[in-house]
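A.B. asks: Handing you a structure now.
Since every read-out is calculated from the coordinates, none of them should be taken as a lab result. Predicted model only: the values in this text are computed from it and were never measured. Neighbour counts are summed over all protein chains in view; Cβ atoms, including those assigned to glycine, are modelled from backbone coordinates with ideal geometry.
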Amino acid sequence: MKKLILIPFIVLLLCTSFAYSQKAEGLAQTPPMGWNSWNTFATNISEELVIGVVDSMVTMGLRDVGYNYIVIDDGWMMRERDAAGNLVADPEKFPHGIKYLADYVHSKGMKFGIYNCAGTHTCGGYPGGRGHEYQDALLYASWGVDFLKYDWCSHGNLTSDAAYTTMRDALHETGRPILFSICEWGDTEPWLWAEDIGHMWRISGDIYPCFDCEDRHDDGLPTQWSAWGVMRILNMRSNDTLRRHAHPGAWNDFDMMEVGNGMSLAEDRTHFALWSMLASPLMLGNDVRKTSKQTLEILKNKEIIAVNQDKLGIQAFRYMKDGALEVWAKPLHDGSWALCFMNTGSSPYNLNFHWNKQTIRDTEFNKEISFAKSIYKVRDLYAKKDIGTTKGILSATIASHDVLMVTLKPKK
Ligand code: GLA
């Protein structure tokens with residue numbers, strides 16, 4: 001009899017704990033910004049490197065324009081868990097342990113992120129999280145981790161939404177707000193299921209510092225890692241079915257950036273402009289300690305960052321494609337718009353854009369801008385100059401692989 005009375009309570013308890021399992025609320029209200037070790041250093045990471053990067057981010061003013069998550073990617077662990085099943089940081093790479101590093105990052109007013117994988121092993125062959133989710137989450141929380149990037153290698157027969165839900169719940173149990181970054185490469189269309197599980201989700205294979213390469217394995221890159229150029233990522237996934245799922249707290253992740261990693265200056269400018277237009281997380285992927293003045297100028301462009309961080313959180317769409325020219329459009333919270341004119345061709349493009357012939361319609365988010373009806377002030381965000389109004393024609397020469405990125409503000 002006693003048992004029968006207890007049943008409704010047990011059911012209620014289970015329902016309550018289920019209902020309260022959720023991703024950390026209030027995080028990533030704008031696309032997360034920061035630095036990740038992978039693109040430049042792969043598994044060659046260390047405490048010394050990360051501290052150097054953190055210090056440079058502060059002195060170069062990158063922290064102060066918003067890049068505040070410092071994320072160590074694959075390669076931070078020993079090859080085996082300890083006898084109690086805990087992950088162990090590699091003592092040669094991280095002699096003072098991970099908490100020490102997290103404390104250092106926090107002491108600079110920044111946040112600390114770490115990497116693991118939903119499968120049995122990470123992509124670099126280190127111990128994955130499968131079967132240890134709750135134990136690992138507690139360990140991360142005890143170290144002061146603020147961000148977890150969770151990969152998809154060695155996932156065997158796991159189902160993606162279930163596997164990532166388990167880790168989300170484990171993170172929730174710790175009571176520490178931890179941003180959950182899903183890295184399943186778009187394989188099972190995370191934009192359709194990840195909104196309540198993670199704060200951002202990768203949409204493609206791994207980025208490579210090449211503007212329009214299809215795939216590259218000619219530099220010793222292991223073949224299981226696909227390598228996607230900037231244009232390939234843009235064209236594969238940035239379509240209208242995907243953008244409707246991005247909003248504050250939930251972002252399509254176009255991958256860590258390759259700005260400063262060997263593309264031309266024009267291509268770096270374009271890459272940065274696009275990621276900003278697409279409301280992608282802006283994670284630096286270069287060796288920040290050695291950032292050139294020109295690269296820094298791109299990465300610290302406050303007006304472009306403001307487009308990325310716009311609180312409306314709408315991902316840009318391709319408004320027009322005409323030969324080598326593409327025009328991307330992003331509505332902003334105050335009635336302004338950002339437009340990005342991109343020259344994908346190999347020779348300069350002479351732009352003559354007749355404003356009054358254009359009406360830009362975002363049917364997905366029900367926004368429209370018509371230049372026949374109202375006049376807007378045009379500002380060139382890379383030149384940091386006002387360049388007239390939408391009365392007339394926008395004439396410019398855009399170099400190969402370069403952009404002209406502008407904002408349009410209603411003229412009062
Ligand atoms: C995958 C991810 C990369 C990186 C590596 C680490 O390839 O997509 O971003 O985290 O694993 O091994």
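A.B. asks: Give, rounded to the nearest 20 debye, the magnitude of the charge dipole that segment 317-410 has about its Cα centre when Lys and Arg contribute +1 at Cβ and Asp and Glu contribute -1 at Cβ.
C.D. replies: In total the dipole reaches around 260 debye.
A.B. asks: Evaluate the relative contact order of the chain (contact order divided by residue number), counting alpha-carbon pairs under 8 angstrom at least 6 apart; express in whole percent.
C.D. replies: Reported relative contact order: 13 percent.
A.B. asks: Moving on. By the scheme Lys and Arg +1, Asp and Glu -1, what is the net charge of all other residues having a beta-carbon under 15 Å from that of Ser400?
C.D. replies: Charge balance in the 15 Å sphere: -4.
A.B. asks: Determine which lysines satisfy two conditions relative to Lys384: a Cα distance under 24 Å, and not lying fewer than 8 residues away in the same chain.
C.D. replies: Lys293, Lys300, Lys302, Lys311, Lys330, Lys409, Lys411, Lys412
A.B. asks: Rounded, prolate or oblate: which fits segment 245-328, taking a ≥ b ≥ c as square roots of the Cα gyration tensor eigenvalues, rounded meaning a/c under 1.5, else prolate when a/b beats b/c?
C.D. replies: Verdict is oblate for segment 245-328.
A.B. asks: Starting with the highest mean, order 310-318, 341-349 by the number of other Cβ atoms within 10 Å, averaged over the residues of each peptide.
C.D. replies: Most protected by this proxy first, the peptides run 310-318, 341-349.
A.B. asks: Sticking with this one: Mind ordering 247-259, 83-95, 32-44 by average Cβ neighbours within 10 Å, highest first?
C.D. replies: 247-259, 32-44, 83-95
A.B. asks: I would also like to ask the following. Can you give the convex hull volume per residue for the Cα atoms of segment 164-299, as a whole number of Å³?
C.D. replies: 137 Å³
A.B. asks: A follow-up question, please. Less than 9 Å Cβ to Cβ from Val378, Lys/Arg counted +1 and Asp/Glu -1: what total charge do the surrounding residues give?
C.D. replies: Net charge in that neighbourhood comes out at +1.
A.B. asks: Mean-square fluctuation check for the chain, GNM, Cα pairs under 10 Å: which of Asp82, Asp136, Asp212 is largest?
C.D. replies: Greatest mean-square fluctuation among the candidates belongs to Asp82.
A.B. asks: Is the shape of segment 111-161 rounded, prolate or oblate, going by the alpha carbon gyration tensor and its root eigenvalues a ≥ b ≥ c, with a/c under 1.5 for rounded and a/b larger than b/c for prolate?
C.D. replies: The shape class here is prolate.
A.B. asks: Bin width 10 Å, origin at 0, all Cα-Cα pairs of segment 317-410: what percent of pairs per bin?
C.D. replies: 16, 53, 28, 3
A.B. asks: In degrees between 0 and 90, to the nearest 10, how far off the longest principal axis of the chain does helix 160-174 point, with axes built from Cα atoms?
C.D. replies: Tilt of helix 160-174: around 70 degrees.
A.B. asks: Still on this model: With each run of n ≥ 4 DSSP H residues scored as -39500 (n - 2.57), what mean residue ellipticity at 222 nm is computed for the chain after dividing by its residue count and rounding to the nearest 500 deg cm²/dmol?
C.D. replies: -8000 deg cm²/dmol
A.B. asks: So what's the net charge close to Cys340: Lys and Arg +1, Asp and Glu -1, counting the other residues with Cβ under 15 Å from its Cβ?
C.D. replies: Overall, the nearby charge balance is -3.
A.B. asks: Label segment 27-308 by shape, choosing from rounded, prolate and oblate, from the square roots a ≥ b ≥ c of the eigenvalues of the Cα gyration tensor; if a/c is under 1.5 it is rounded, and otherwise prolate applies when a/b is larger than b/c, oblate when it is not.
C.D. replies: rounded
A.B. asks: Another question, then. Please identify the GluC sites (Glu not before Pro) of segment 287-386 that satisfy two criteria: DSSP loop assignment and at most 14 other Cβ atoms within 10 Å. Which are they?
C.D. replies: Hits after loop and neighbour filter: Glu364.
A.B. asks: Would you work out the charge dipole size for segment 256-412 about its Cα centre, treating the Cβ of every Lys and Arg as +1 and the Cβ of every Asp and Glu as -1, and quote it to the nearest 20 debye?
C.D. replies: Its charge dipole is roughly 620 debye.
A.B. asks: So, one more: Give the angle, between 0 and 90 degrees and rounded to the nearest 10, that separates the Cα long axis of helix 97-107 from the longest principal axis of the Cα atoms of the chain.
C.D. replies: The answer is roughly 40 degrees.
A.B. asks: In degrees, nearest 10, range 0 to 90: what is the angle between the Cα axis of helix 133-143 and the longest Cα principal axis of the chain?
C.D. replies: Taking the Cα atoms of the chain, the angle to 133-143 is about 70 degrees.
A.B. asks: Also, I was wondering about something else. If I build a Gaussian network model for the chain, linking alpha-carbon pairs within less than 10 angstrom, which residue out of Gly109, Gly66, Gly156 has the largest mean-square fluctuation?
C.D. replies: Gly156
A.B. asks: Can you tell which of Lys149, Lys330, Lys357 shows the greatest fluctuation in a Gaussian network model of the chain with Cα springs below 10 Å?
C.D. replies: Judging by the Gaussian network model, the answer is Lys357.
A.B. asks: Projected onto the charge dipole of the chain (+1 at Lys/Arg Cβ, -1 at Asp/Glu Cβ, origin at the Cα centre), which of Val58, Leu408, Ser276 gives the Cα projection farthest towards the positive end?
C.D. replies: Leu408
A.B. asks: Next question, about the same structure. How do 125-133, 48-56 rank on mean C-beta neighbours within 10 Å, highest first?
C.D. replies: Per-residue Cβ counts within 10 Å, averaged per peptide and sorted highest first, yield 125-133, 48-56.
A.B. asks: Where the only charges are on Cβ atoms (+1 Lys, Arg; -1 Asp, Glu), what is the dipole of segment 27-308 about its Cα centre, to the nearest 20 debye?
C.D. replies: With only Lys, Arg, Asp and Glu charged at Cβ, the dipole is about 640 debye.
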